[in-house]
Amino acid sequence: MKELVSSLNPKQQAYVNLELDDPRCGEYLLAVFHMIPGKNLNVLQAAAEVAAESSTGTNFKVKTETPFSKRMNALVYKLDLEKDLVWIAYPWRLFDRGGNIQNILTYVVGNVLGMKQVSALKMLDVWFPPAMLEQYDGPSYTIDDMRKYLNVFDRPILGTIIKPKMGLTSAEYAEVCYDFWVGGGDFVKNDEPQANQDFCPYDKMVKHVKEAMDKVVKKTGHKKVHSFNVSAPDFDTMIERCELIRNAGFEPGSYAFLIDGITAGWMAVQTLRRKYPDVFIHFHRAAHGAFTRPENPLGFSVLVLSKFARLAGASGIHTGTAGVGKMAGTPEEDIIAAHNIQYFKSMGHFFDQSWATIPEENEDALKMTKEDKAHKMILIDDSWRGLKKCCPIISGGLNPTLLKPFIDVMGNTDFITTMGAGCHAHPAGTKAGATALVQACEAYKKGVDIHKYAKKHRELAQAIEFFEKKKK
Ligand code: CAP
Ligand code: MG
């Protein structure tokens, strides 16, 4: 290590402190990157260049530095030469006051992803100090609120995405919603590209969904939720869509706002969270693969994306099916991400993150939080500034036969699942698809194998026959 340190030029030296005495002192956001140096730099030189470019520096030492500006330098404080890992501490006073997520990401996974000095740079984990959590919104309306509205507890909230992904008229779209809800489903979402297409005008889609929802609530006596995609070309139009929904007669709790958080951006996510704290903010992560897929050496992990979504105040974010469904993903990646946004305190890939500032001397509270993984007691009205939980939304290639396999990997049922083809490809259609999903969930709760349960539940039997045959 000595040779590495002696190889640093004066500028690089200002961004390295391998003796940083207490990175978790509360002054720093901490990050771990997988990094491969580029441009014939050694690992410490490249890491120092990353720390410089992602905080106060550039490619040369500038004459305009001041003693204070140097205190804002990010610092490389640890290396793992075997695993090509770099730990960087960011003085969080660097960041825009008032809780701005896009600002942080512009630093830590902004220009640095384009630097010649690295050939690989992926942020694998991030740690937010308690004092920093005070500055950020965190979720407001959570899955617990949605459970109360739906009167659904101790099982996943069962949802679908209307398919075909696009091309239905607003009336046809609402009919499919009706069929899913009347089949027993709780939650319907727009697909991620749904917007104001000429064949399905936004206002008509909202109107028809409201009619379908009223009809099915009257028929079944059960509340339902629809998550409307409010992503739009500009903020005014996004707000217009939100207001259209709120003025369409939906009762509070019966609608969520879906935002394509990567393509619409973090400002849209935070605008929705701040303007509509009484609404479930549903973060769809379309395009995240460009940053998160393991084949991609540049970007950030699903865990990092999910932790920032909780910090931003998303009520829920898609966290992947851990390889059970159609999308790339693994238990190591997807389940760790899900637990880190669900629980009060969780171990990530490198950091143990607590999401509230409970005084360490308050042993009872700490003990209670360790036991209270589902936040039944904590953070709702407690005086500690805690970030409420964010709900994993589990989707992508799932069908009723995969519900239990996923729950077994997840280790809990405190999530929303949305199955598109898994319901609408059912041989007997959407209503039967929804009923098959409900039956698969009933079987799980009763601890009965679905093949046994299907003997007396036709829709589930048809789903097994269809989806298990397809798998072969
Ligand atoms: C799923 C889905 C979701 C993906 C998103 C789709 O449809 O609607 O957008 O699940 O992936 O368009 O593919 P199916 P992730 O149920 O028919 O697969 O949740 O991994 O972000
Ligand atoms: Mg989709």
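Flag: residue 186 matches the condition of being crowded, with 22+ Cβ neighbours inside 10 Å, more than 16 Å from ligand 2 (Cβ to nearest atom) and either closer than 23 Å to residue 435 by Cα or modelled with pLDDT under 95 (or both). May I ask you to list the residues in the range 1-36 that are within 18 Å of residue 127 (Cα to Cα) and surrounded by fewer than 13 Cβ atoms within 10 Å (Cβ to Cβ)? Selection gives 21, 22, 25, 26. For the range 61-69, check the following and say yes or no: at least one residue is buried (at least 17 other Cβ atoms within 10 Å of the Cβ) and either modelled with pLDDT of 95 or more or within 32 Å of the chain's Cα centre (by Cα) (or both). No - not one qualifying residue is present in the range 61-69. Go through the range 259-304 and report how many residues are closer than 16 Å to residue 190 by Cβ, within 16 Å of ligand 2 (Cβ to nearest atom) and outside any helix (DSSP H, G or I). Residues in the range 259-304 being closer than 16 Å to residue 190 by Cβ, within 16 Å of ligand 2 (Cβ to nearest atom) and outside any helix (DSSP H, G or I): 7 in total. Number of residues in the range 95-134 that are under 27 Å from residue 47 (Cβ atoms) and in a loop (DSSP other than H, G, I, E, B): the value is 10. Annotation note: of 24, 93, the sole residue that is closer than 27 Å to residue 356 by Cβ and touching a Pro at 6+ places or on another chain (Cβ under 8 Å) is 24.
Per this entry, residue 73 is not counted among residues that are within 30 Å of residue 268 (Cα to Cα) and surrounded by fewer than 13 Cβ atoms within 10 Å (Cβ to Cβ). Name the residues in the range 174-215 that are within 14 Å of ligand 1 (Cβ to nearest atom) and within 15 Å of residue 430 (Cβ to Cβ), would you? Within the range 174-215, 176, 180, 185, 187, 188, 189, 191 qualify. The one condition from (1) outside any helix (DSSP H, G or I); (2) in contact (Cβ under 8 Å) with a residue 60 or more places away in the chain that residue 426 does not meet is (2).
For the range 442-458, enumerate the residues that are in contact (Cβ under 8 Å) with a residue 60 or more places away in the chain and either more than 20 Å from residue 156 (Cα to Cα) or in contact with a helix residue (DSSP H, G or I) (Cβ under 6 Å, 6 or more places away or on another chain) (or both). Hit for the range 442-458 is 444, nothing else. A single member of 63, 83, 39, 78 is assigned to a loop (DSSP other than H, G, I, E, B) and closer than 16 Å to residue 123 by Cα, and it is 83.
Between 291, 308, 283, the distinction of being within 16 Å of ligand 1 (Cβ to nearest atom), surrounded by fewer than 24 Cβ atoms within 10 Å (Cβ to Cβ) and of a type in the set (Phe, Trp, Tyr) belongs to 291 only.
Just so you know, in the range 315-333 the residues that are within 24 Å of residue 273 (Cα to Cα) and in contact with a helix residue (DSSP H, G or I) (Cβ under 6 Å, 6 or more places away or on another chain) include one that is surrounded by the most Cβ atoms within 10 Å (Cβ to Cβ), and it is 319. Just one residue in the set 248, 309 is in contact with a Cys (Cβ under 7 Å, 6 or more places away or on another chain), small (Gly, Ala, Ser) and more than 16 Å from ligand 2 (Cβ to nearest atom); that residue is 309.
Looking at the structure I just gave you, is residue 329 modelled with pLDDT of 90 or more and part of a loop (DSSP other than H, G, I, E, B)? So residue 329 fails the test.
Looking only at residues that are crowded, with 24+ Cβ neighbours inside 10 Å and assigned to a loop (DSSP other than H, G, I, E, B) in the range 392-413, which one is nearest to ligand 2 (Cβ to nearest atom)? Selected residue: 398. Among the residues of the range 210-232, are any of a type outside the set (S, T, N, Q), buried (at least 18 other Cβ atoms within 10 Å of the Cβ), over 14 Å from residue 174 (Cβ atoms) and free of Cβ contacts under 8 Å to residues at least 40 places away in the same chain? The answer is yes, given that some residue of the range 210-232 is of a type outside the set (S, T, N, Q), buried (at least 18 other Cβ atoms within 10 Å of the Cβ), over 14 Å from residue 174 (Cβ atoms) and free of Cβ contacts under 8 Å to residues at least 40 places away in the same chain. Among the residues of the range 20-57, those that are acidic (Asp, Glu) and modelled with pLDDT of 95 or more comprise 49, 53.
The values are calculated or read from the model by the stated rules, or taken from the named source; none is laboratory data. Just so you know, these numbers come straight off a predicted model, no measurement behind them. Reconstructed Cβ throughout: ideal geometry from the backbone, glycine too, with neighbour counts over all protein chains shown.
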